[in-house]
Every structure is written in structure tokens, then in C-alpha cells.
Amino acid sequence: MDQPSPTAKLLRALGVAALLSIGIFITWLLISDRHSQSLEARGSIAEGWGGPQVVAGPELSIPFKVTTPGATDGNGRTITGPVVTEKRLVLAPTGVDLTTRIAPERRARSIYEVVVYRADTQGRATFALPADLSRLGVPAGALELNRAELRFGVADPRGLSANPQVRVNGRTLPLGPGGGTSLVATGFYAPIDLTQVDPARFSVDLRFALRGNESFALAPRAGDTAWKLTSPWANPSFTGGFLPEQRSVTKDGFTASYRIGNLALGRSLLFVDGAEPSRPEPTPGGANATAGVSLMQPVDLYSQVDRATKYGFLFIGFTFLAFLLFDIIGGVRVAAIEYLLTGAALVLFFVLLLAFAEVIGFTAAYVVAAGAIAVLNTAYSAAVLRSWRRGLVIGGILLGLYAMLYILLSLEAYSLLIGSLLLFVALAGTMYVTRRLDWTGARREEAAATL
């Protein structure tokens, strides 16, 4: 029986590899589905506790009335009477000094885990009402100082503790739900009678606890904002448009200090409600107008398994290359079904990795899955190639690939460099070994014709 040409054998191996790409694609879909399920499960664990939190304020809101003259006809006769409209003057603090301590807690259900936290915030805000308000269109003496409100913004008010405290001149103010600030629409407020204090300058002491998960952020709006953030969490990711001026991250936790001036915010400290251009509301963990931290998990196993699966073609390619060289150089015929079964085992590695990683963690799952597939393909290759020595070569290649892949996953910044060098070495070695190979069989036919 005539032997197929080396080119025909190569095309056969490529055809099987293309078929196996469907299996890799299905594995990607499985990873995505499991990731979505984990997010839903984690969301249900943290449900009712509080979501990603953004806090803002306080802001001082003071009502005043503006009278608009009535309309007249062409003859100067009054058609309608004057219209009285209530507006609000909104004043941000001249300075805010806050300290927040975040206490994280792990909560688990089945194989899923989520990190929630309790954030205790306390500090002081200083207000100064300017004497000249005419430039804003506020008539002299129009401010209803006895109806002023201190407004606080909280992205998810469900997380508020039962006893927030707001004090002015040592007196505790009553609190009410709703209100919010110009940056965060939801929150709470405290009515304040400014006739009982000096509106030219007074201070507000505040203290409240907030529950949430995933991230905590501050939307600053003051002449000068000083914020100190501490937590025993050892894996923070600082987010938002403002990063800490000083930070320290150790195995025992982190501390971060922020100092943000009003010029960096690009917003006026004083405006009439509705007169300022609208801007996007700060969102948890990522808006340019916030400073915050994300309590990221040390290992995102779904991300790592997804990255590992992207190297699936590398595993199939190197293993099939070894089979092909044994076939066309060593004289051991390898059938298409044998390529297919070996490749199926390689695809199964990523499914095993995902399944075990959800239970025992990524590293342990990697060792278990890699060991199982390497042993399986070594034993099968020894039977296909009719030699345990050749089978051990296949096993050695697989173990080397698994070790290299783990390094690639660990050194994310250099993964492209290492991967490209590995491919270069493999291509150079293949070109050297097959440099004298008769790919088309033409030389064999010419030799037969000369006989």
C-alpha cells in the first residue's frame, strides 16, 4: 500500500486540528457561562447588604424665592400677575477632612464567595457663606436660612447603618431619607436652622457606617478635600480619577491618603440648583469624578482559565507536530482518529481545569488536570507510536508545555514575548528537522523512474 506524501499527512493533521478548534470554542462558551453564573450567585449572596458604594457631601442647600414680573400686552397693560419661583442655593464646603476604615468580610455559598465590607466614615466639613450673592442672581436677604438642609449622597442607601450622626455646634441634627447631592442623587439630609449659627463660617461633624461590596469611593466636592482610607484588606485596587498621594500596601492591609483641591475638580463651590451644567453622575469604582478602592479578589480563576484556554491551539499544535514528525520521519503511521482522540484529551484539560478550579483553586486544579492529561496522552501515545520511549517524548512535551503555560499565566506582562520566542524555537527546530524532507513525494517518483 502506497504511503501518503508528507504534505498529505500535514493536511490531515491540520484538518483534525481545525475540527478540535470547535471544542476549544465550546470550552470558551462554558467558561463564560460559568462566570455569569458565579456573578449571579455572588450578587444573591450580597443582596440586601449593599452594592458598590459612592459617598458625597455634605452640601448646604438654602431655599430662596425669586419673583418674575407679570406679562404685559402691546399697550402696556398687565396680562398676568407676577410669578414667584422657589430656587435653592447650593454651597459646597470650603474644606472636608474625612477618615474611612473599611472592614472586609468574606461570605460564601456553595462554591461561590463574595467580599462584603462595612465602611466607618467620620470627619468634619467647614462651610462659609459668602456675603456677596448678587452675582448669582440671589436677591439680598432672600435666603430662607431657617429652612436650610445639609445633604449627603450615598449610592445605595440600603447599606446605611441605623444611627448616622450629624452635629453642628455640638447639637445633633435630625435626619431624613432622600435628598442626595449634586453628584450622587440618593442619600439623606439634615434640616438646619442657619439663624442659630454663624452662616459666615460653621463646621459640621459627621459619622456614619455604610455596608457594601466590591468597591467604595468618594465623590469629592470641596475647596480642599483630605481623605484617609485604611483597611486590613491586602489586595486593593485604587480606582477613579484621583489616586492617593501616599499609600502603603502590606500583607496586613493598606492605608491611602488623598488631598484633592477644587481646581482639580473643575466645579464651582457655589451655584443655584439647576443653573450648573449637568454632568454624568459618579458611578462606583470608575468615574473620573471619584477617588476610591476596589476590594479585588487575589485570583480571578475564570479570567485565568479563559487566558489558559486561549493557548489551547499551542498545545494541539505542538503535540500534533511531534506526532507528524514521528509519522513522516520515524516511519510510524498515525491515523486521523488517533490525532482526534489525542486532541480531544488536550481540549478536556481546560474543562477539567475549570471544574476543579471552582472547588480547590486554580493552582491545585492546574496540577491535577495537567497531570491527568499528561499521563493519559503518554500512555495512549506509547500504544499509537508502538514505543514507550516515543510515548514518554510526547509526555515530556506536554509537561513542558503545561509548565510554560503556567509561567505565561503568572508573568502576564511578558506572556507575549515568551510565547513568541517559544513559537520561534519550535518553528526553527521543525524547519531544521524537515529541511531534507520530500514533502510532495516527487523525489521518490523520480528515483523510481530511473530504476
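In this structure, GLY187 does not satisfy being in contact (Cβ under 8 Å) with a residue 24 or more places away in the chain and on the phi < 0 side of the Ramachandran plot.
Please go through segment 144-168 and pick out each residue that is part of a helix (DSSP H, G or I) and more than 27 Å from the chain's Cα centre (by Cα). Explain how you work it out, then say what you get.
Within segment 144-168, the first condition is being part of a helix (DSSP H, G or I), and the residues that meet it are 145-147, 157-159.
Of everything in segment 144-168, those that are part of a helix (DSSP H, G or I) and more than 27 Å from the chain's Cα centre (by Cα) turn out to be LEU145, ASN146, ARG147.
For segment 1-39, the set of residues classified as among the charged types (D, E, K, R), open to solvent by 60 Å² or more (accessible area, probe 1.4 Å) and either closer than 30 Å to ASP120 by Cβ or over 25 Å from the mean Cα position of the chain (by Cα) (or both) consists of ASP2, ARG12, listed by residue number.
Of all residues in segment 188-211, those being open to solvent by less than 20 Å² (accessible area, probe 1.4 Å) and more than 24 Å from ARG259 (Cα to Cα) number 4. Can VAL84 be described as open to solvent by 60 Å² or more (accessible area, probe 1.4 Å), hydrophobic (A, V, I, L, M, F, W, C) and at pLDDT below 80? For VAL84, the condition - open to solvent by 60 Å² or more (accessible area, probe 1.4 Å), hydrophobic (A, V, I, L, M, F, W, C) and at pLDDT below 80 - is met. Of LEU175, LEU229, all but one fail to be buried (at least 17 other Cβ atoms within 10 Å of the Cβ) and out of contact with any Ser or Thr (no Cβ under 9 Å at 6 or more places or on another chain); the exception is LEU175.
Out of (1) open to solvent by less than 80 Å² (accessible area, probe 1.4 Å); (2) more than 30 Å from VAL359 (Cα to Cα); (3) modelled with pLDDT under 80, the odd one out for THR99 is which? Every listed condition holds for THR99 apart from (3).
Out of all the residues in segment 225-271, which are assigned to a strand (DSSP E or B) and either under 29 Å from LYS87 (Cα atoms) or touching a helix residue (DSSP H, G or I) at 6+ places or on another chain (Cβ under 8 Å) (or both)? It would help to see each step written out before you state the result.
The initial filter retains those residues of segment 225-271 that are assigned to a strand (DSSP E or B), namely 225-231, 236-240, 246-250, 253-261, 270-271.
Of everything in segment 225-271, those that are assigned to a strand (DSSP E or B) and either under 29 Å from LYS87 (Cα atoms) or touching a helix residue (DSSP H, G or I) at 6+ places or on another chain (Cβ under 8 Å) (or both) turn out to be THR225, GLY261, LEU270, PHE271.
On inspection, PRO277 passes the criterion of being surrounded by fewer than 20 Cβ atoms within 10 Å (Cβ to Cβ), over 30 Å from ILE407 (Cα atoms) and at pLDDT below 75.
Every residue, every condition in (1) in contact with a strand residue (DSSP E or B) (Cβ under 9 Å, 6 or more places away or on another chain); (2) more than 30 Å from MET296 (Cβ to Cβ), yes or no:
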| site | (1), (2) |
| --- | --- |
| LEU89 | yes, yes |
| ASP97 | yes, no |
| ILE111 | no, no |
| ARG118 | yes, no |
| PRO130 | yes, yes |
| ARG135 | no, yes |
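Restricting attention to segment 239-255 and to residues that are open to solvent by less than 30 Å² (accessible area, probe 1.4 Å) and farther than 28 Å from LEU91 by Cβ, the residue that is modelled with the lowest pLDDT turns out to be THR239.
The values are calculated or read from the model by the stated rules, or taken from the named source; none is laboratory data. Only a predicted model underlies this, so the values are computations on that prediction, with no experimental measurement involved. Every residue, glycine as well, gets a Cβ built from its backbone with ideal geometry; the counts of neighbours run over all protein chains shown. Quick note on the areas: whole protein, heavy atoms, side chains included, nothing else; ligands and nucleic acids left out. Shrake-Rupley method; radii C 1.70, N 1.55, O 1.52, S 1.80 Å.
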